[in-house]
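Notes follow the structure.
The values are calculated or read from the model by the stated rules, or taken from the named source; none is laboratory data. Keep in mind the model is a prediction, meaning the values are calculated, not measured. Virtual Cβ from ideal backbone geometry, glycine too; neighbours counted across all protein chains shown. Calculation scope for accessible area: heavy atoms of the full protein, side chains included, ligands and nucleic acids excluded. Shrake-Rupley method; radii C 1.70, N 1.55, O 1.52, S 1.80 Å.
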Amino acid sequence: MFIRNGELVIILGVKQYLKLKFFKSLRFYLILLLMIVGIIPSVIMKAMVLENYEKRAVDVRTAEIQNQCTVLCEQLINSHYQEQGISEIIRKELIQLSDIYNGRIMVIDDEMRVIFDTYYSEVGKYIVSGDVVKSYRGQVVSQYNSEKKYIEIALPIEDKDEGIGVMVVSVSTDAIAATMTLLNKKVNIFQIVLILIVIVLAIILGSIMVRPFEKITRTISNLTEGYDEDLDVYTYEETALISDAFNRMIRKQRTLDKSRQEFVSNVSHELKTPLTAMKVLSDSLLMQEDVPVELYKEFMQDLSGEIERENKIINDLLELVKMDKTAASLNVRSENINELVEQTLKRLQPIAAASNIEVLFKSYRPVTAEVDEVKLSLALINLVENAIKYNKENGWVHVTLNADHKNFFIEIADSGIGISQEDTEHIFERFYRVDKSHSREIGGTGLGLSIARNIIVMHRGAIKVFSQLGEGTTFSVRIPVNYVA
């Protein structure tokens with residue numbers, strides 16, 4: 001009893017794993033398929049060649065013997081063999097023919113009695129067999145026994161004066177068998193060489209055919225190690241489809257990574273800005289002695305504003321995180337949308353009044369829908385608040401509500417500063433601001449429109465924006481009346 005060395009066990013385990021891995025690989029199956037395609041036809045061809053040769057050789061030998069026997073039958077008829085007996089010349093010819101083909105010839109008279117036998121053992125005996133009976137009826141009967149290796153032919157000797165006799169010839173096919181054995185050896189050698197060639201070609205072709213997939217694997221491995229490259233394996237239609245799909249996925253992943261990096265950068269910046277302002281304000285207070293109460297209150301108001309701004313950023317981020325997790329967090333109930341919009345606008349009326357913005361609400365019909373009241377209110381607040389903040393002095397905001405049998409529609413139009421076509425494509429991205437300097441003055445986190453869009457999408461709805469610089473902006477919201485999970 002002994003214990004194997006640990007390294008040896010590991011090596012054997014790796015070898016076993018590599019063997020199993022090879023037998024499960026596409027290369028193995030391709031090689032196996034090519035070998036089957038190359039070897040099976042050769043095996044079938046060998047069997048067909050040998051079988052056809054044997055059949056052809058037997059047919060030729062049968063026809064050859066039958067022709068010579070037909071000549072001898074004519075001689076027997078002309079010599080009146082049944083009355084006068086078989087002449088010595090014909091006897092010699094019959095014996096010579098049997099010697100040439102290493103066979104046996106018997107002549108049977110009209111009473112089924114053997115009157116001549118090259119083996120002399122059956123002379124005087126009667127022979128009754130199926131082939132002999134058929135020959136008495138005028139048929140030429142031939143059969144080949146492949147196991148005992150002989151050909152037997154029964155020919156009628158039709159004599160009008162003396163009646164019908166029969167000549168039975170049995171010849172050996174040892175020569176054909178010997179040729180078959182030699183041919184079989186040569187075919188076997190050819191087949192072995194062909195199989196070796198097929199195996200070598202199968203291995204080479206199998207390796208060539210899987211090479212594109214190995215390139216795909218290398219490219220993917222390089223990507224996991226940090227290399228930035230596209231997959232361009234267009235050898236086959238399948239690898240081209242894989243390359244195109246993979247490149248689309250990588251481009252999307254790159255876009256997501258870029259967006260994620262920008263998001264992290266923006267979050268860091270947005271969180272850091274209020275903290276920096278608070279740090280400056282607090283340091284200013286600490287550096288001064290006997291600070292006047294008015295200045296102290298002013299600084300504290302600024303600090304409170306920055307804290308409120310920080311708090312809003314954090315709350316918006318938390319809201320986005322909640323919405324990113326799952327749409328199943330919606331608390332859907334049947335709500336009166338008219339009342340929901342009116343309450344939302346009432347909450348924003350002080351902000352509009354401070355900027356002398358007129359807010360009007362118009363409803364075309366009563367609307368009841370299955371929504372999450374809290375989240376939908378938040379989306380409307382963000383949309384209407386933006387319309388108020390980015391408006392012109394003494395401007396207006398018009399909110400309309402309409403519905404059909406499937407959806408209800410909310411439209412928020414304003415007379416504000418408008419958005420350029422270039423910026424319109426990005427306004428729903430997180431932290432994106434159209435006018436960063438103006439946005440900084442009026443506050444905001446750059447997350448409001450992203451939150452609004454996510455909430456609407458969670459309700460299985462859609463939001464569109466139509467705007468021109470200096471001519472105002474219109475947001476159109478469509479949400480199904482009946483929520484579909």
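Some observations on this one:
- Residue list for region 397-410, restricted to those being crowded, with 16+ Cβ neighbours inside 10 Å and either closer than 15 Å to L383 by Cβ or within 43 Å of the chain's Cα centre (by Cα) (or both): V397, H398, V399, T400, L401, N407, F408, F409, I410
- Region 116-170, residues that are at positive phi and in contact with a Pro (Cβ under 7 Å, 6 or more places away or on another chain): G138
- Residue that is open to solvent by 70 Å² or more (accessible area, probe 1.4 Å), modelled with pLDDT of 85 or more and of a type outside the set (S, T, N, Q), where the choices are R4, R56: R56
- Inter-residue pairs, beta-carbon under 9 Å, first part of a helix (DSSP H, G or I) and in region 283-296, second open to solvent by 100 Å² or more (accessible area, probe 1.4 Å), 6+ apart: L285/Y296
- Filtering region 361-375 to residues that are under 23 Å from L449 (Cβ atoms) and either in contact with a helix residue (DSSP H, G or I) (Cβ under 9 Å, 6 or more places away or on another chain) or of a type in the set (D, E) (or both) leaves F361, A369, V371, D372, E373, K375.
- Listed conditions (1) open to solvent by 70 Å² or more (accessible area, probe 1.4 Å); (2) hydroxyl-bearing (S, T, Y); (3) closer than 20 Å to T173 by Cβ are all met by T62, apart from (1).
- Here T62 passes the criteria (1) under 28 Å from N145 (Cβ atoms); (2) hydroxyl-bearing (S, T, Y); (3) free of Cβ contacts under 8 Å to residues at least 40 places away in the same chain except the one numbered (3).
- Among the residues of region 160-170, not a single one is without any contact (Cβ under 8 Å) to a residue 24 or more places away in the chain and open to solvent by less than 70 Å² (accessible area, probe 1.4 Å).
- Contact map, region 117-144: first residue within 14 Å of V169 (Cα to Cα), second residue open to solvent by 60 Å² or more (accessible area, probe 1.4 Å) and assigned to a helix (DSSP H, G or I), Cβ cut-off under 6 Å, separation 6 or more or different chains; pairs are V141/K134.
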